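S.K.: I am attaching a structure below and will ask some questions about it afterwards.
Every read-out reported here was derived from the displayed coordinates using simple, explicitly stated rules and does not represent laboratory data. Treat the numbers as computed from the prediction; the structure is a model and nothing was measured. In this analysis, Cβ positions are derived from the backbone assuming ideal geometry, glycine residues included, and neighbour counts consider all displayed protein chains.
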Ligand SMILES: [Zn+2]
């Protein structure tokens, strides 16, 4: 009887416990900044990405990609290409023992293009639709979750979505940081050279918190 009620309690706690996530921007963070990635040949994933994602997986974070791909609405490439690129990324990460929990992308643009993709949607960053969806789907604790990106706009997006901000200096990052940081109205919570360094630091922080909580 005692055993049963204890396990029921543990079960309830497990259901109630919120998870943490690391949200990742794509272009400039995961792959080299090349403007619109309108062909597989322009999708150059940084070599440290699978390892970085594996580190985040093992640290207990959900790993979720959130990317604007308005090139679809603009008619520069197809939604099929976006899915193909993401398939390549998923396979590459899995080949090294990691996994991406979910990829959300926004193919829309409010004023460009025609047809179904020309839409004032809720998913195009800096709107928070993609994160809001993930928060529900994975029962996430926003305040314990992070957004990693290479642009100052990712920092602003993070704070709008209730996430901690991590800026990486790949892609546009180094240039924005060197030449524009004086104009920023808020600073990133963390700055790292690249996604691997960010992943190592966040997993270390997570471990330290877990040890603190157990004392
Ligand atoms: Zn959208």
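S.K.: Are any residues in the stretch 96-124 crowded, with 19+ Cβ neighbours inside 10 Å and within 9 Å of the ligand (Cβ to nearest atom), and if so, which ones?
M.R.: 105, 106, 107, 108, 109, 117, 123, 124
So that you can scan it fast, the table gives a plain yes or no per residue for (1) closer than 16 Å to residue 202 by Cα; (2) surrounded by 16 or more Cβ atoms within 10 Å (Cβ to Cβ):
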| residue | (1), (2) |
| --- | --- |
| 144 | yes, no |
| 152 | no, yes |
| 172 | no, yes |
| 178 | no, no |
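S.K.: Of the residues that make up the stretch 86-95, is at least one within 16 Å of the ligand (Cβ to nearest atom) and either crowded, with 20+ Cβ neighbours inside 10 Å or free of Cβ contacts under 8 Å to residues at least 40 places away in the same chain (or both)? Please lay out each step first, then the result.
M.R.: Restricting attention to the stretch 86-95, the residues satisfying the condition of being within 16 Å of the ligand (Cβ to nearest atom) are 86.
When the remaining residues are screened for being either crowded, with 20+ Cβ neighbours inside 10 Å or free of Cβ contacts under 8 Å to residues at least 40 places away in the same chain (or both), the result is 86.
Yes.
S.K.: Still on this structure, I have one more. Collect the residues in the stretch 129-147 that are out of contact with any helix residue (DSSP H, G or I) (no Cβ under 9 Å at 6 or more places or on another chain), within 16 Å of the ligand (Cβ to nearest atom) and either closer than 15 Å to residue 65 by Cβ or touching a residue at least 40 places away in the same chain (Cβ under 8 Å) (or both), keeping them in residue-number order. I'd like the intermediate steps shown before the answer.
M.R.: Within the stretch 129-147, the first condition is being out of contact with any helix residue (DSSP H, G or I) (no Cβ under 9 Å at 6 or more places or on another chain), and the residues that meet it are 129-130, 132-134, 136-138, 143.
When the remaining residues are screened for being within 16 Å of the ligand (Cβ to nearest atom), the result is 129-130, 132-134.
Within the stretch 129-147, 129, 130, 133, 134 meet the criteria.
S.K.: Follow-up question, since we're still on this one. When you go through 89, 65 one by one, which is the residue that is under 19 Å from residue 145 (Cα atoms) and within 14 Å of the chain's Cα centre (by Cα)? Walk me through it before giving the result.
M.R.: Details: 89 fails: under 19 Å from residue 145 (Cα atoms).
Being under 19 Å from residue 145 (Cα atoms) and within 14 Å of the chain's Cα centre (by Cα) holds for just one of 89, 65, which is 65.
S.K.: If you don't mind, there's one more thing I want to ask. For the stretch 52-88, what are the residues that are over 23 Å from residue 163 (Cβ atoms) and touching a helix residue (DSSP H, G or I) at 6+ places or on another chain (Cβ under 6 Å)?
M.R.: 72, 73
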